[in-house]
1. Restricted to region 71-103, and to residues that are under 25 Å from the mean Cα position of the chain (by Cα) and acidic (Asp, Glu), which residue is farthest from LEU59 (Cα to Cα)?
2. Go through (1) open to solvent by less than 70 Å² (accessible area, probe 1.4 Å); (2) at pLDDT 90 or above; (3) within 30 Å of GLY194 (Cβ to Cβ) for SER124 and report which single condition fails.
3. Need pairs with beta-carbon distance below 7 Å; first residue closer than 22 Å to MET153 by Cβ and touching a residue at least 24 places away in the same chain (Cβ under 8 Å) and within region 167-186, second open to solvent by less than 100 Å² (accessible area, probe 1.4 Å) and polar (S, T, N, Q); sequence gap 6+ or separate chains.
4. Starting from residues that are within 22 Å of HIS205 (Cα to Cα) and polar (S, T, N, Q), keep the ones in region 134-177 and report whichever is surrounded by the fewest Cβ atoms within 10 Å (Cβ to Cβ).
5. Check off (1) modelled with pLDDT under 90; (2) open to solvent by 60 Å² or more (accessible area, probe 1.4 Å) for LEU76 and give me the number that stays unchecked.
6. Between residues in region 47-70 that are open to solvent by 60 Å² or more (accessible area, probe 1.4 Å) and residues that are at pLDDT 70 or above and not in a helix (DSSP H, G or I), which pairs lie under 8 Å by C-beta distance while being six or more apart or on different chains?
Amino acid sequence: MNSASRKSKGVCLVYCTQNIAVMDTSLGSPHTTFPGPLTTTGGPLAEVSSLSRSELEDLLECEDKVAALVASMPPLATIRAQCDSLVTQNEALAKATLERSDEYERSRDAAIRKVEELNNLRQSFTELTLAQTKASELLAPACIQESLVVAAMQSEEESEEIADQFLRKELGVEAFLSAYLEKRIETHLRKFKGERLGAQLDELHKAGF
């Protein structure tokens, strides 16, 4: 190996060990690699300065030995430990995220089911409200009075049909009297109830109700 190549490798070795020494004194910021003052009182350079000239030349001749020397220095071990710790933290974070994702999926499915139940209940409420409205309309006094009038007219028509059957000799005297009287009584009762309820409604309307 020529002297220029050795000099270049020597400069690289010193620069690497110097940078590692700087990282060693600033572990709070492992990415700080600004060269500091060259010292051999401790740290990685102490190992290099303790080597003999022949050992240094042998070191410069073999790149694998240089790499092994650099890898064995404490700051790199610290950096590896930090990297391993970050990897472990990232794996734990990824696992927690997956667990939260499963929990989110379950919560979302439960929310969808609740929304469907709410929609069904809302539809049932709407249908019951409509049914109640119709029932209220049917039970309104005016509606009842109109129903009585219609029912009275229907009973009267049925009584007339019974009379026609008797005139056509389709009914006997006793059967005619029984059916006819029943329908006429029913007709008069319905008319009476309808007229009375109508009069009461008129009074309430005049009173402002």
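The values are calculated or read from the model by the stated rules, or taken from the named source; none is laboratory data. Please read these numbers as outputs of a predicted model, since none were measured by experiment. Glycine gets a Cβ as well: all are built from the backbone with ideal geometry, and neighbour counts include every protein chain shown. Areas reflect the complete protein model, heavy atoms only, side chains present, ligands, DNA and RNA absent. Shrake-Rupley method; radii C 1.70, N 1.55, O 1.52, S 1.80 Å.
1. Out of the qualifying residues, it is GLU103.
2. Of (1) open to solvent by less than 70 Å² (accessible area, probe 1.4 Å); (2) at pLDDT 90 or above; (3) within 30 Å of GLY194 (Cβ to Cβ), only one is false for SER124: (3).
3. Final answer for the pair search is LYS183/SER155; LYS183/SER159; ARG184/SER159; GLU186/SER155.
4. Among them, the one singled out is SER136.
5. Only one criterion in (1) modelled with pLDDT under 90; (2) open to solvent by 60 Å² or more (accessible area, probe 1.4 Å) is unmet by LEU76, namely (2).
6. GLU47/MET73
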